[in-house]
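A short worksheet on the structure shown next.
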Amino acid sequence: MATATASTLTVLFPTKTKTKTITSRPHSHLLTIKASSTNPTLPGRKLRAAVIGGGPAGSSAAEALACGGVETFLIERNPPTVAKPCGGAIPLCMLEEFDIPTHLIDRHVTRMRIISPSNLAVDFGKTLKSHEFIAMLRREALDSFLRSRAESLGANLVSGLVTSLDLPDSSTAPYVVHYTSNNSRRSLPVDVVIGADGANSRVARSIHAGSYTCAIAFQERITLPDHKMNYYEDLAEMYIGNDVSPDFYAWVFPKCDHVAVGTGTVRAKQDIKMYQRGIRERVKHKIKGGKVIKVEAHPIPEHPRPVRVRGRVALVGDAAGYVTKCSGEGIYFAAKSGRMCGEAIVKASEGGDKMINEDDLKREYLRVWDNKYITTFRFLDLLQKVFYGNNAAREALVELCGDEYVQRMTFESYLYKKLADGDRWQDVKMVWNTMASLMRCNIVGR
């Protein structure tokens, strides 16, 4: 799930986190990566890596590894049919940074509407420039494309279900990945493992990476009559309120020939269907006559895991807990973490020629990731508690979203994944308006 609207919170209380947009082809810069290393040279072979999970995180990691000279195995369970319930919104910078072809985009959303508990609606997109939009796509289409590209660039795609991971008894002994494929049990010895197998990661359990709180995302795909589908031609909607989620939001996002209607919560998981009835009630006149074609549910991590690197195993994407609070954005951060991890392994192994160790993964991947993003994740965790705690706070959030300066700063940050250059006096005004809204809903005292 991802939306630009909740990114308002990062603008209202900006952090110092910045990201760099890579405009070259996803793998071209890997050819020049070199690092001095005291690790032993591998005798007559390349470093062997297994990437478990073929979503955006796993596929991006496999692509970076294969392009960098590492012998790569991308293991995914039933690649043609797996699709995770997801809002499917991605920022504009991801299209260029990850070379996402335009034919994968179902909708170019230029109007993002946020609806408060009292049904106050704010159109959150008035400041978009003529070339700017939020890309809406289906995860099954994106995932299939990224897997196929990784395979075409040298990764070995393996269709199988990973059942367990045997840990090595020395610094150079292999990890053994056990999996089933075509009803047969198989094993694969490798030097390095990347766990990209989602919130319920078997890889994370194998290395005792610790647990984390998970939200439940529930979504229905609904086809609508043509005149109702036209309403969502370039519009996405986000609903907040205790009736649709006690701690998150609900959404109606347009796809190629249907809308995705869903909600999520970290509390009262057993009541997720009740909240789904709540969003259906809020939009009943808009989806009347529609037909449900698919129902999906999936756990979504709420914060990074306590351990994301252990030995020669690294976690990325949902397996590492890289989903932001408030917006629930995970696609971009999944792909980004996978690529960064793959590049780190290529660098530490000097193009696959040397063995790597835990210190290499922590230095080249984990520290680099944390320096770029961990403050943002922690900050959004705090803001989620402030603005999603009760309906009064949610009303204040929607009120703030009506400010065009807030909207522009939000979209600059969301679409390009970097802090926007603001106006100091407008910033002062924005902070003052934020404090006034919080005082009106008695948030400041608490």
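Give 228/336; 46/372; 46/362; 288/417; 284/417 a once-over and call out the pairs whose C-alpha atoms are over 27 Å from each other.
Over 27 Å Cα-Cα: 228/336; 46/372; 288/417; 284/417.
Going by C-beta contacts inside 10 Å, put 340, 274, 112 in order with the fewest on the left.
Ordered by Cβ neighbours within 10 Å, fewest first: 274, 340, 112.
Pull up all non-local amide H partners of residue 325: gap of 5 or more, or a different chain, and H-to-H distance under 5 Å with H placed in the peptide plane.
381
Given 5 Å bins starting at zero, what is the percent of C-alpha pairs of the range 178-248 in each, up to the one with the largest pair distance?
Percent of pairs per bin, in order: 3, 9, 12, 13, 12, 11, 12, 8, 11, 8, 2, 0.
For the range 305-311, what does the Karplus curve 6.51 cos²θ - 1.76 cosθ + 1.60, with θ = phi - 60°, yield as ³J(HN,Hα) per residue in whole Hz, taken in order and with x for Gly and Pro?
Values, residue by residue: 5, x, 10, 10, 9, 8, x Hz.
Could you tell me, in Å, what Rg and Dmax come out for the Cα atoms of the range 214-301?
12.4, 37
For a quick check: sort 265, 127 by the number of other beta carbons within 10 angstrom, fewest at the front.
By the 10 Å Cβ count, ascending: 127, 265.
Starting from the eigenvalues of the Cα gyration tensor, five times each then square-rooted, give me the equivalent ellipsoid semi-axes of the range 163-319, largest first, whole Å.
The equivalent ellipsoid of the range 163-319 has semi-axes of 40, 18, 12 Å.
Aspartates and glutamates within cross-link reach of residue 255: Cα-Cα under 20 Å, excluding same-chain residues under 8 positions apart?
Within the straight-line limit of under 20 Å, residue 255 reaches these aspartates and glutamates: 106, 123, 132, 140, 143, 220, 226, 233, 234, 237, 296, 329.
Please arrange 124, 377 by counting, for each residue, the other beta carbons lying within 10 Å of its beta carbon, fewest first.
Fewest to most other Cβ atoms nearby, the residues stand as 377, 124.
Rule-based calculations on the coordinates, nothing more; no lab input. Just so you know, these numbers come straight off a predicted model, no measurement behind them. Reconstructed Cβ throughout: ideal geometry from the backbone, glycine too, with neighbour counts over all protein chains shown.
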